[in-house]
Amino acid sequence: MESTAMHATNHILLVAGIILAAGSLSGIVARRFKAPDVVFFLLAGILLGPEIAGVLDVRAASTFNQVILVFGSCYILFDGGASLKLGVLKDLWVTILTISTVGVLITAAITGFAATRILGIPLMTALLLGAALSSTDPATLVPIFKEVRIRERVAQTIVAESAFNDSMSAIITFALLGVVLGTGEGFSLSRVTGALLTNALIGVVAGAVLGYLAAHLIAAHKKFGFLVQYTPLVSLMAVVAAYLSADTLNASGFVAVFVFGIFLGNKRTFGFRPEKGEQDRLADFVGTTALLMRMLIFILLGSQVSFPLMGRYQGRGILLVLVFIFIARPITVFLCAFPDRRAKWSLRELLFMCWTRETGVIPGALAGILLGLKVPGAEVIASVTFLAILLTILIQATTTRWLAGKLGLLEKR
């Protein structure tokens, strides 16, 4: 008789095999249509999920799903950080800092107040919905900018924003959650700001320390070059270490892995010269692993979309998502980026940033947590969140290349 553990193992292996097969086919189709692969991964998950084919049925609260979401997001963030250039970011830090903090508050407030009018829900529940939706998705944006080469400063600002605003979104969500459940002391902007600064600072320090240490270990010189042939494995272990070290200190593990990626991707800036061929080996490994993580994350995310849940608030939910896309995001971008005289953003760059703000893994995870806690209004929050994920990925992600071309922001490879 088969044991429970063996049955669970076989189930996970079967799920992984189905995802890899579906992901490979979806990737081929995406390349054929020159579209972001995450769009087809999401569609494949929806088709294979329990709502349609019933081939994939992985619960959002399962250990397997949580491991994939956390580690996959971490690795994609590491990949995004490694692709950034410090020389480009030095003129953009004011915009990145402002849009990742104040911008999240602005987006949450506009979306929340709109939700009270459109959905007719209490203000605190509406603000909780706005907070859960307010962060952008690095797991979607990083691979898109790998495929669609646009002006460096624009792409790197959007990617950096997506890495840092997850912390702000989570902090605001849990602060409001305490108020809604009656376990908090009331929402305080100063307390939220303090928590954010502490959270981000510890994450930055943890990522920087581990990134510098990893660069030391794999740098090609006699004393510290003993691990040079194991560069990919060192990076893999360090990504896990960066996340867990920050998370243990109640800080942002996602910020830590992003900063770790920046340090490892800018080794030359810090005086470390990679051995010949080392960078190519690392790039191949990171590219393959990041692709695998994208497949797992978005096919699983698609398979967990609940059509009955979305259907309850479909019309009003879509209207709210349109407000979120066409009103909240543009106001946020222009208020946070336009005043930055150092960056000197053009109108075309600002318009592109207004459109490119896909919703994905973190809002989905926050909505799942609220459902699990049976928070009042959690069903409407989850419904609108899944609508936002579907609409922003299916519409905004697929039009990124077209819009960049129209605005003259595309660069040759």
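The values are calculated or read from the model by the stated rules, or taken from the named source; none is laboratory data. In this text, all values refer to a predicted model and were calculated from it rather than measured experimentally. When we count neighbours, we look across all protein chains shown, and the Cβ atoms used for this are built from the backbone with ideal geometry, even at glycine. Remember, those area values only see protein heavy atoms, side chains included, never the ligands or the DNA or RNA. Shrake-Rupley method; radii C 1.70, N 1.55, O 1.52, S 1.80 Å.
Which condition does Asp280 not pass, out of (1) in contact (Cβ under 8 Å) with a residue 60 or more places away in the chain; (2) closer than 22 Å to Ile76 by Cβ; (3) surrounded by fewer than 15 Cβ atoms within 10 Å (Cβ to Cβ), if it passes all the others?
The single condition Asp280 does not satisfy is (1).
Between Val38, Val55, Val29, which is modelled with pLDDT under 85, more than 15 Å from Val159 (Cα to Cα) and in contact with a helix residue (DSSP H, G or I) (Cβ under 7 Å, 6 or more places away or on another chain)?
Val38
Condition first: in a loop (DSSP other than H, G, I, E, B), of a type in the set (Asp, Glu), open to solvent by 10 Å² or more (accessible area, probe 1.4 Å) and farther than 23 Å from Ser62 by Cβ. Can you find one or more residues in the range 404-411 that meet it? Break it down into steps so the answer makes sense when it comes.
To start, the set of residues in the range 404-411 that are in a loop (DSSP other than H, G, I, E, B) comprises 407-409, 411.
Still in the running and of a type in the set (Asp, Glu): 411.
So of that shortlist, the ones also open to solvent by 10 Å² or more (accessible area, probe 1.4 Å) come out as 411.
Those still in the list that are farther than 23 Å from Ser62 by Cβ too: 411.
Yes, the range 404-411 has at least one match.
Could you check, for the range 322-339, whether at least one of its residues is of a type in the set (A, V, I, L, M), open to solvent by less than 10 Å² (accessible area, probe 1.4 Å) and closer than 19 Å to Glu147 by Cα?
no
Could you run through the range 17-50 and say how many residues are in contact (Cβ under 8 Å) with a residue 40 or more places away in the chain, open to solvent by less than 80 Å² (accessible area, probe 1.4 Å) and either assigned to a loop (DSSP other than H, G, I, E, B) or aliphatic (A, V, I, L, M) (or both)?
Number satisfying all stated conditions: 14.
Determine the pairs where a residue that is free of Cβ contacts under 8 Å to residues at least 60 places away in the same chain, located within the range 245-260, has a partner that is assigned to a loop (DSSP other than H, G, I, E, B) and surrounded by 24 or more Cβ atoms within 10 Å (Cβ to Cβ) with Cβ atoms under 7 Å apart, the partner being 6 or more residues away or on another chain.
Ala246/Ser252
With Val255, Val240, Val228 as the choices, which residue is surrounded by fewer than 24 Cβ atoms within 10 Å (Cβ to Cβ), modelled with pLDDT under 85 and among the β-branched types (Val, Ile, Thr)?
Val228
Quick test for you: out of Arg401, Arg357, pick the one residue that is open to solvent by less than 70 Å² (accessible area, probe 1.4 Å), of a type in the set (Lys, Arg) and under 22 Å from the mean Cα position of the chain (by Cα).
Working: Arg401 fails: open to solvent by less than 70 Å² (accessible area, probe 1.4 Å).
The conditions single out Arg357.
Of the residues Leu97, Leu141, only one is surrounded by 19 or more Cβ atoms within 10 Å (Cβ to Cβ) and not charged (D, E, K, R); which?
Being surrounded by 19 or more Cβ atoms within 10 Å (Cβ to Cβ) and not charged (D, E, K, R) holds for just one of Leu97, Leu141, which is Leu141.
Looking at the range 210-223, can you tell me whether even one residue there is of a type in the set (Ser, Thr, Tyr) and either in contact with a Cys (Cβ under 6 Å, 6 or more places away or on another chain) or at pLDDT below 75 (or both)?
no
Restricting to the range 68-87, what's the tally of residues that are in a helix (DSSP H, G or I), more than 18 Å from Ala256 (Cβ to Cβ) and open to solvent by 30 Å² or more (accessible area, probe 1.4 Å)?
Residues that pass the stated criteria total 1.
Under 8 Å between Cβ atoms, at least 6 apart or on separate chains: pull out the pairs that start in the range 203-229 with a residue that is within 15 Å of Ala251 (Cβ to Cβ) and end on any residue that is assigned to a helix (DSSP H, G or I) and at pLDDT below 75.
As it stands, the answer is Gly203/Ser167, since those pairs meet every condition given.
Among the listed residues Arg149, Arg153, Arg191, identify the single one that is among the basic types (Lys, Arg), open to solvent by 10 Å² or more (accessible area, probe 1.4 Å) and modelled with pLDDT under 75.
Details: Arg149 fails: modelled with pLDDT under 75; Arg153 fails: modelled with pLDDT under 75.
After ruling out the rest, the residue left standing is Arg191.
Filter the range 113-130 down to residues that are touching a residue at least 12 places away in the same chain (Cβ under 8 Å) and over 18 Å from Leu322 (Cβ atoms) and give me whichever is surrounded by the most Cβ atoms within 10 Å (Cβ to Cβ).
Leu128
Can you run down the residue pairs with Cβ atoms below 7 Å, 6 or more apart or on separate chains, where the first is in the range 57-71 and closer than 20 Å to Asp137 by Cβ and the partner is surrounded by 16 or more Cβ atoms within 10 Å (Cβ to Cβ) and among the aromatic types (Phe, Trp, Tyr)?
So the pair list comes out as Val58/Phe64.
Okay, residues lined up against (1) more than 18 Å from Gly49 (Cα to Cα); (2) modelled with pLDDT of 85 or more; (3) not in a loop (DSSP other than H, G, I, E, B):
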| position | (1), (2), (3) |
| --- | --- |
| Gly287 | yes, no, yes |
| Ala328 | yes, yes, yes |
| Leu350 | yes, yes, yes |
| Ala367 | yes, no, yes |
| Lys374 | yes, no, no |
| Val384 | yes, yes, yes |
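How many of the residues making up the range 288-313 are of a type in the set (A, V, I, L, M), out of contact with any Ser or Thr (no Cβ under 6 Å at 6 or more places or on another chain) and over 15 Å from Ala16 (Cα atoms)?
Final tally of qualifying residues: 2.
Just one of (1) in contact (Cβ under 8 Å) with a residue 60 or more places away in the chain; (2) open to solvent by less than 20 Å² (accessible area, probe 1.4 Å); (3) over 28 Å from Phe386 (Cα atoms); (4) part of a helix (DSSP H, G or I) trips up Gly302, so point out which.
Going through (1) in contact (Cβ under 8 Å) with a residue 60 or more places away in the chain; (2) open to solvent by less than 20 Å² (accessible area, probe 1.4 Å); (3) over 28 Å from Phe386 (Cα atoms); (4) part of a helix (DSSP H, G or I) one by one, Gly302 breaks only (3).
Phe64 passes all but one of (1) within 17 Å of the chain's Cα centre (by Cα); (2) part of a helix (DSSP H, G or I); (3) closer than 27 Å to Leu236 by Cα; which number fails?
So the condition that Phe64 fails would be (1).
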